[in-house]
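One structure below.
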Amino acid sequence: MEVVINRDYEQMSKVASQIVVEVVNTKPNAVLGMATGSTPLGLYQELVRLHKEEQLDLSRVTTFNLDEYVGLRMDHPQSYHYFMREHFFQHVNIPRQNINIPSGTTSNYPAFCEWYEQRIAQCGGIDLQILGIGSDGHIAFNEPTSSLSSRTRLKTLSKQTIDDNARFFERREDVPVYAITMGVGTILDARKLVMVASGKAKAKAIAQAVEGPLTSMVTASAIQLHRDATVIVDEQAAAELTMRDYYEFIYAAEPAAPRS
Ligand code: F6R
């Protein structure tokens, strides 16, 4: 695992966007796994800028989002369909038919989840999965005690996640209790993982995920099993890492490491 510590959110977002660009430049028809939440916003803004100002071409890319709230229609302002359209898809040239986001309103969730897994496989698997991390250590909506080999399925949100996400809704009671989410196993099948985290509220979860024991109590710790995972954090999210000097030493020694 590589850990990249950045001075602030903006630099973190730029470093993460460079990894996406490298993947797409190497493989123009790459399959990208997308995350929502507030953390990847800067990364999406940078990709939009690169598309508009520096001819980043995403016309052959296919995307799969990690998760969606159950019960929210696509046009609900807090749905992840809406989030992705507003912040990313409407600003870039990914063909509509190449965009896949779990349905929050299907009439048959198990069948949908199975289809979603099959669709990922039919597209050749995910080349690069973007991840955030919850303050309870979740990846996607794989809450504590989720199986580390889980696949796409319905999941009940933890109290902590409902509290964290209440800021986006008018009332706490409006936060959906269920989500449809890729499993930890689905995520680990991606060929490359990039996790972004910012702010002191994430410091403990990042330290547990990167340096703690592998445990379903912190599903993000499963990235320790991945052969190509990069964790990109800002100063505040790095605050509880004990091996910081080592991560900085490795990064500084990399000839190709992006510097700004
Ligand atoms: C969203 C997702 C979640 C978020 C996490 C952090 O697609 O997968 O795991 O990444 O809840 O959210 P923010 O970035 O809002 O703190």
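The values are calculated or read from the model by the stated rules, or taken from the named source; none is laboratory data. Here the structure is a predicted model, which means the values were calculated and not measured. Cβ: placed from backbone, ideal geometry, glycine included. Neighbour counts: every protein chain shown. Only protein heavy atoms, including side chains, enter the accessible area calculation; ligands, DNA and RNA are left aside. Shrake-Rupley method; radii C 1.70, N 1.55, O 1.52, S 1.80 Å.
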So ALA253 clears everything in (1) on the phi > 0 side of the Ramachandran plot; (2) modelled with pLDDT under 95 except one condition, right? Which one?
(1)
Taking the conditions exactly as written (assigned to a helix (DSSP H, G or I), in contact (Cβ under 8 Å) with a residue 24 or more places away in the chain and within 16 Å of the ligand (Cβ to nearest atom)), does ILE120 satisfy them or not?
yes
Only one of these is free of Cβ contacts under 8 Å to residues at least 12 places away in the same chain and touching a helix residue (DSSP H, G or I) at 6+ places or on another chain (Cβ under 9 Å): ALA239, ALA229, ALA201, ALA166. Name it.
ALA166
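Conditions (1) open to solvent by 20 Å² or more (accessible area, probe 1.4 Å); (2) at negative phi; (3) within 14 Å of the ligand (Cβ to nearest atom), marked per residue:
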site	(1), (2), (3)
GLU2	yes, yes, no
SER17	no, yes, no
TYR44	no, yes, yes
LEU56	no, yes, no
ASP75	yes, yes, no
PHE83	yes, yes, yes
ARG96	yes, yes, no
SER103	yes, yes, no
Restricting region 19-41 to residues that are over 22 Å from SER103 (Cα atoms) and either open to solvent by less than 10 Å² (accessible area, probe 1.4 Å) or touching a His at 6+ places or on another chain (Cβ under 8 Å) (or both), the residue that is nearest to the ligand (Cβ to nearest atom):
VAL20
Any hit, region 172-179, residues being part of a loop (DSSP other than H, G, I, E, B), at pLDDT 95 or above and more than 14 Å from the ligand (Cβ to nearest atom)
yes
Pairs please, first residue from region 20-36 and among the hydroxyl-bearing types (Ser, Thr, Tyr), second anywhere and part of a strand (DSSP E or B) and within 16 Å of the ligand (Cβ to nearest atom), Cβ atoms under 8 Å, 6+ apart in sequence or on different chains.
THR36/ASN65; THR36/ASP67
Do we have any residue at all in region 189-196 that's surrounded by 17 or more Cβ atoms within 10 Å (Cβ to Cβ) and over 21 Å from ASN142 (Cβ atoms)?
no
Looking only at region 64-73, which residues are within 16 Å of the ligand (Cβ to nearest atom) and over 12 Å from the mean Cα position of the chain (by Cα)?
GLU68, TYR69, VAL70, LEU72
Starting from region 68-94, take each residue that is touching a residue at least 12 places away in the same chain (Cβ under 8 Å) and closer than 22 Å to TYR116 by Cα and list its partners that are small (Gly, Ala, Ser) and open to solvent by 20 Å² or more (accessible area, probe 1.4 Å), counting only C-beta distances under 8 angstrom and pairs at least six apart or across chains.
GLU68/SER103; ILE94/SER59
Any chance you could count how many residues in region 204-258 are crowded, with 19+ Cβ neighbours inside 10 Å and assigned to a loop (DSSP other than H, G, I, E, B)?
3
Just give me the residues in region 4-15 being open to solvent by 50 Å² or more (accessible area, probe 1.4 Å) and within 17 Å of LEU131 (Cβ to Cβ), in sequence order.
TYR9
In the set ILE187, ILE130, which member is part of a helix (DSSP H, G or I), in contact (Cβ under 8 Å) with a residue 12 or more places away in the chain and out of contact with any Phe, Trp or Tyr (no Cβ under 8 Å at 6 or more places or on another chain)?
ILE187
Identify the single condition in (1) open to solvent by less than 10 Å² (accessible area, probe 1.4 Å); (2) of a type in the set (S, T, N, Q); (3) more than 22 Å from THR62 (Cβ to Cβ) that GLN129 does not satisfy, given that it satisfies every other one.
(3)
Can you find, within region 145-163, the residue that is most open to solvent (accessible area, probe 1.4 Å) among those that are in contact with a helix residue (DSSP H, G or I) (Cβ under 8 Å, 6 or more places away or on another chain) and more than 16 Å from ASP67 (Cα to Cα)?
SER149
